[in-house]
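The values are calculated or read from the model by the stated rules, or taken from the named source; none is laboratory data. Model, not experiment: these values are computed from the prediction. In this analysis, Cβ positions are derived from the backbone assuming ideal geometry, glycine residues included, and neighbour counts consider all displayed protein chains. Heavy atoms of the whole protein, side chains included, go into the accessibility calculation; ligands, DNA and RNA do not. Shrake-Rupley method; radii C 1.70, N 1.55, O 1.52, S 1.80 Å.
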Amino acid sequence: MSGESYRALLQARSWSKRLREKGFTWDQIAEVLALTHEVSPLRLYRLAHGRTGADVVALVNDADPAGTAALRDSRLYDYEGWAQTGRRPPARLLATLAEIYQTASRSLLSAEVMASYDAADRTLISDADFRHLDINQPTRPDRDNRVTPETDAGLTSSGRTAWDAPACVRLLRAIDIEETDVKRRELLFELALVFGGSQALGLLRILTPDEEERLSGMLRSTWRIDETGIRTFEKLVSHARRADELSGPATLLPVVNAQRAAVGRLLARESMASCLRDRLLDTHAQLSQLAGYLAYDLLDHPTAEQSLRDGLRAALDLGDSTLIGYMHYWLGRVAADQNRTAAVFDHAFALESWAARSPSKLLVPLHQSLLSLAHAAKGEAAESARAHENARGSAGAPKDNEPAFLSWVSPAAVESRRSALLIQLNQPRDALKAAERYLAEHDSKFRREHGLVLARYSSAMTLAKEIPEAAARLTEAAHITRQHSSARLVGEIDQARARLEPWAATTYVRRLDETLRSCGLTPTRPGTKA
């Protein structure tokens, strides 16, 4: 075996190990390797198993000494080179190899090579199916056709969820295009498998090669956890929060959940100094909060609440009053969206208690904002307005010593919620003023909040019977859904478009509906993703 061939074998062996841990079948791994190895299916399966020609020859001769006389390495390589070079493998040998590779004989041949056998050999090849030996195979396949990633991806026998092969192919393509260094390419592949696939590459690109190597070592338990390693996790959390503003929760949530699971395993597995453990526990709590928020933005309230409660337990274990209060704020927001007004008040009062113990000044406006939500839900307009004004006034507190996760709190952010409450209270003129103040003061690069306020502005304009302006603002909001995956934004557009239904026949609304369709939204069921 040449040096180049051996390096290809070692690379395939490394990738295969990681993919097997993710629940891939041998057939799916061969599909993935086919992207970067332009060789016959017969050789792909040997690479997938990480075996040399000598390894396979020994197994063949042990398995079928009478049927295959003294198979040699060179002859096996001849068979693997067919049909471009070498010799066509005998049908009986293919059956033996299929058992060794835990696959179907048909998977070891291209369609053209399969057609070159006579009827008896084709029957022998078709009948030799050993996929049931693969422990990652969920059920024994009953079909004769070649295994495909579309049909066989799913839950494995061990209950793990396997990636589908096309997702892994996309990951390999992305790494191969953007990274020329072979060692770093393999490291990125390993880390991306842990952190959620090709979606994680954007997150991992912010790391230096040393940080990638350290992170990989900690996850493999070959490196001890130290302050530098924890800073790497903290760096990823900070970047994930910024990435949410750019693209939204759909691609980011799986990455954050994978990162949270990795940190959880480290906490359960490693013994470390108490100061390091506290920092890692803080990272786990923040990841749980971020995962809960992203699920909330996707309108998956049960998952959001579960993640936030996990974060609350971690924050309580840590004893961080600021983080505990922050968890109560988001649990209150989730409860508000579910019209659980009593629970909103409960979380608001809990937040008030923790804010009194916290050095942070920004928990106070969050408490007042949550109270404003709760009072609005009860129809108490005056109390809601009073709490809102208190929140707006205190949200401008200095942020010099505040934690990074509170950096978004500002008078403009508080104002963005007010427009929704005023529409709920049927006060369109005040809602318009609140929306206008927000749009004037807040940077449009924060796409989700900008789109939400535009949709609320549209609703307020509709209540005021200003239909052309309402349609124009909702058109702007619809365009943002092309760049951001917030389901809450789609929901706000849904509500705003529903209010325009009495004017559906007008030119303004018809043009709006055309825009909604072009953005993948369906005007027949307004705001719903097609």
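Taking every alpha-carbon pair within the range 426-530, the share separated by more than 22 Å comes to 21 percent.
Between the Cα long axis of helix 249-269 and the first principal axis of the chain there is an angle of about 70°, rounded to the nearest 10. Placing unit charges on the Cβ atoms of the charged side chains and taking the dipole of the range 298-444 about its Cα centre, the candidate lying farthest along the positive direction among 336, 377, 405 is 377. The count of lysine pairs in the chain whose Cα atoms are under 23 Å apart, excluding pairs fewer than 8 places apart on the same chain, comes to 11. Qualifying trypsin sites (Lys or Arg not before Pro) in the range 463-526, where qualification requires a DSSP coil assignment and no more than 14 other C-beta atoms within 10 Å, comprise 465, 482. Normalised Debye scattering of the range 320-419 at q = 0.13 Å⁻¹ gives log10 I(q)/I(0) of -0.38, counting only Cα atoms as equal scatterers and leaving out solvent. Computed from Cα atoms, the angle from the helix 447-463 axis to the main principal axis of the chain rounds to 50 degrees. Magnitude of the charge dipole for the chain, about its Cα centre and with charges confined to Cβ atoms of Lys, Arg (+1) and Asp, Glu (-1), is about 600 debye.
Each of the GluC sites (Glu not before Pro) that DSSP puts in a loop and that has at most 14 other Cβ atoms within 10 Å breaks the chain; the longest unbroken stretch is 271-530.
Rounded to the nearest 500, the 222 nm mean residue ellipticity of the chain from helices alone is -21500 deg cm²/dmol, with -39,500 (n - 2.57) taken per DSSP H run of at least 4 residues. The charge dipole of the range 409-460, taken about its Cα centre with unit charges on the Cβ atoms of Lys, Arg (+1), Asp and Glu (-1) only, comes to about 120 debye. Can you bin the range 295-368 into rounded, prolate or oblate? Criterion: square roots of the alpha carbon gyration tensor eigenvalues sorted a ≥ b ≥ c, rounded for a/c under 1.5, prolate for a/b above b/c, oblate for the rest. Oblate shape, in that a/c is at least 1.5 and b/c is the bigger or equal ratio. The Kirkwood hydrodynamic radius of the chain, based on inverse pair distances between different Cα atoms, is 26.6 Å. Among 275, 519, the sequence by solvent-accessible area, most first, with a 1.4 Å probe is 275, 519. The angle between the Cα long axis of helix 91-101 and the main principal axis of the chain comes to about 40°, on a 0 to 90 degree scale. Loop-located trypsin sites (Lys or Arg not before Pro) across the range 35-137 with a Cβ neighbour count of 16 or fewer within 10 Å are 72, 87, with loop assigned by DSSP.
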